[in-house]
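Notes follow the structure.
No value in this document is a laboratory result; all are computed from the given coordinates. The structure presented is a predicted model; accordingly, all values stated were derived computationally and were not measured. A quick note on method: Cβ atoms are made from the backbone with ideal geometry, for glycine too, and the neighbour counts reach across all protein chains shown.
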Amino acid sequence: MSGSAVAAGSVRIFDTTLRDGEQAPGAGLTAAEKLEVARQLARLKVDVIEAGFPAASPGDFEAVRRIAQETRGGIAVAALARCRDGDPQRAVEAIRIAERPHLHVFIATSDIHLKHKLKISREQALAEAVRWVRYGREALGSDAEIEFSAEDASRTDTDFLLQIYESVVAAGASTVNIPDTVGYAIPSEFGALTKRVVDLVGRDATVSVHCHNDLGLATANTLAAVQAGARQVEVTINGLGERAGNASLEEVVMSLRTRPTQFPELVSGVQTEQITAASRLVSYLTGFAVQPNKAVVGGNAFAHESGIHQDGVIKNPLTYEIMTPQSVGLTGSQLTIGKLSGRRGLQGKLRELGHDVEGEALDALYRQAIALADAKKDVTDADLLALVEQRASEVPASVELVGWSVTSSHGGNATGSVTLTVRGEDRSAEATGNGPVDALYSAVDQALHGQLGWHPVLTHWEIKAVSAGEDAQGQVLVRCRRSSEEGPGALVVSGHGLSTNIIEASLDGYLVAVNKLHGAEINGVDVAFVGQRTAENLP
Ligand code: KIV
Ligand code: ZN
């Protein structure tokens, strides 16, 4: 077998948060944010990071290339490509520098897709699949991983599916993937399908599965496939992904760990203590909140409300906890930094929370934490994590806030004024609105329009308290596009603001979004938003 066989006794964890996860509507990330997530995935020790779809946009190409360049320690970097002239070449170009390049080519194989989407015959699909697998093998050499996916495999005629897998393995594929693209499969049938593929090509290639969650069965189908012999699972943090999402990494990995007798002698190399940090970072950067009752990473996953449960857990946690909070990186401690805490104390605390911070980044966080300790009574774990996350989405700022003021009263309009520096020049404006945030955003719009030729258009706004108490920090999430761009292809970016003053947090978030929009306009791929893809080029 070419490529690298999965070690006996292990399941290869292929994380596709940065590719399929990023296809969730509105989840797009900048190249720099993708790099932050990739670093966290490396700390989590997944086996493969699917970094993106290089042919989809210059931003995606650049993000994949940077991740391929930076990721080391035996972690493979995968890039997705359609079996279509141009795509695989672009993907190879992006991952060639990776320590372990992993090319992932796909073509739809179900009659529904062949007839209505691709408008080609089965024979043509098979020929294209073989052609581009062979290309990948020749371009990247015998050590690289070449994966082939039969899109919509679970609705494909089984005999044709087996024929195509056999042909691509003969052409050099080292992994064959069975996507349940529309989340249609049921565990027993998906397990049986996986077994047929394993029996046919399992000696020569790794069999992989990729399950979507349209019927809420993605994790169940993935686990059934592992029991049937699959040795690569394609998963995302928080189950993020197209429509109802993909199988979630944390559910699959914790199932393998918690139920070893169901998966005899099968382990993953994932550092499960990094799961909570990964979940929070992905949720923060994509702006997709994790539902409180989400398995493993939901806010209530380890909370025991009823008296009977609390009593049992106090007597012995095993009564109601099948895994410990510590095993997924929840520390349990709450009170942390005070004005007298030192840098080392902060560093230790952050390490406990899954973040290794040092040097200048630690100094800056320390200053922020101490300033926060002046503004609120207790600086909690949640406050510290919010500060760390805030830094992960920093962007170069050509528009900066100098000052603002607002008046607002019961039953009346609000009037706000702002002063900004826009590319080094001071700009002030005043506006009214139906509330303080509306008034200030209108003032920002006025100050910007003359300078940039556009102003931001707000498409989403939300706020949450980072911790309990009246003095909590407010974390604001906004999504915006440029007034000069409209329609489905328009670039939509997110911005976060964090402050104990929620008006300030609202303005900060708005200006982060403005700077991303402006950065994408002037710098192209440097800060390009990788989620800006056309519907046509999405898998
Ligand atoms: O869901 C799917 O079929 C995919 C493939 C490209 C693997 O994401
Ligand atoms: Zn998918």
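Quick notes
- Net charge dipole size for the chain [Lys, Arg +1 and Asp, Glu -1 on Cβ; Debye, nearest 20]: 640 debye
- Long-range HN-HN contacts of Ala144 with modeled amide H, under 5 Å: Gly3
- Rg ratio (alpha-carbon, reference 2.2 N^0.38 Å) - the chain: 1.02
- Look at the alpha carbon pairs under 8 Å that are at least 6 residues apart: their mean separation over the length of segment 12-286 gives a relative contact order of 19 percent.
- For the chain, the longest site-free run once GluC sites (Glu not before Pro) in DSSP loop states with at most 16 other Cβ atoms within 10 Å are removed: 100-264
- FRET efficiency for the Thr331 to Glu360 pair, using the beta carbon distance and R₀ = 30 Å, is estimated at 0.75.
- The relative contact order of the chain comes to 13 percent, based on Cα pairs under 8 Å that sit 6 or more residues apart.
- Degrees between helix 502-523 axis and first principal axis of the chain (Cα, 0 to 90, nearest 10): 60 degrees
- The ellipsoid equivalent to the alpha-carbon distribution of segment 351-482 has semi-axes of 30, 20, 14 angstrom, derived from the gyration tensor eigenvalues as √(5λ) and listed largest first.
- Given R0 = 35 Å, the distance between the Cβ atoms of Gln262 and Asp111 translates into a calculated FRET efficiency of 0.50.
- Taking amide H atoms as placed 1.01 Å from N in the peptide plane, the amide H of Val267 lies under 5 Å from those of Ser10, Val11, each 5 or more residues away in sequence or on another chain.
- Segment Arg423-Thr319, length gained on full extension (0.36 nm per residue, minus Cα span): 31.4 nm
- Among the trypsin sites (Lys or Arg not before Pro) found in segment 170-264, those both in a DSSP coil and sparsely packed, with 16 or fewer other Cβ atoms within 10 Å of their Cβ, are Arg203, Arg243.
- Measuring r between the beta carbons of Leu401 and Glu486 and using R0 = 25 Å, the FRET efficiency lands at 0.40.
- Rounded to the nearest 10 degrees, the angle from helix 187-201 to the longest Cα principal axis of the chain is 50 degrees.
- Entries in Lys117/Lys516; Lys195/Lys294; Lys45/Lys315; Lys294/Lys376; Lys34/Lys377 that, when Cα-Cα distance is taken, lie over 32 Å: Lys117/Lys516; Lys45/Lys315; Lys34/Lys377
- Listed values for segment 316-330 are Karplus-derived 3J(HN,Hα) couplings in whole Hz (6.51 cos²θ - 1.76 cosθ + 1.60, θ = phi - 60°), namely 6, x, 4, 4, 10, 10, 8, 9, 8, x, 5, 5, 10, x, 8, and x replaces Gly and Pro.
- On full extension, the segment bounded by Ala468 and Arg131 gains 115.5 nm, given 0.36 nm per residue less the C-alpha separation.
- Contour minus Cα-Cα distance for His449 and Gln271 (0.36 nm per residue): 59.3 nm
- Each part reduced to its alpha carbon centroid, segment 390-453 and segment 3-56 end up 37 Å apart.
- Computed from Cα positions, the angle between helix 249-258 and the longest principal axis of the chain comes to roughly 70 degrees.
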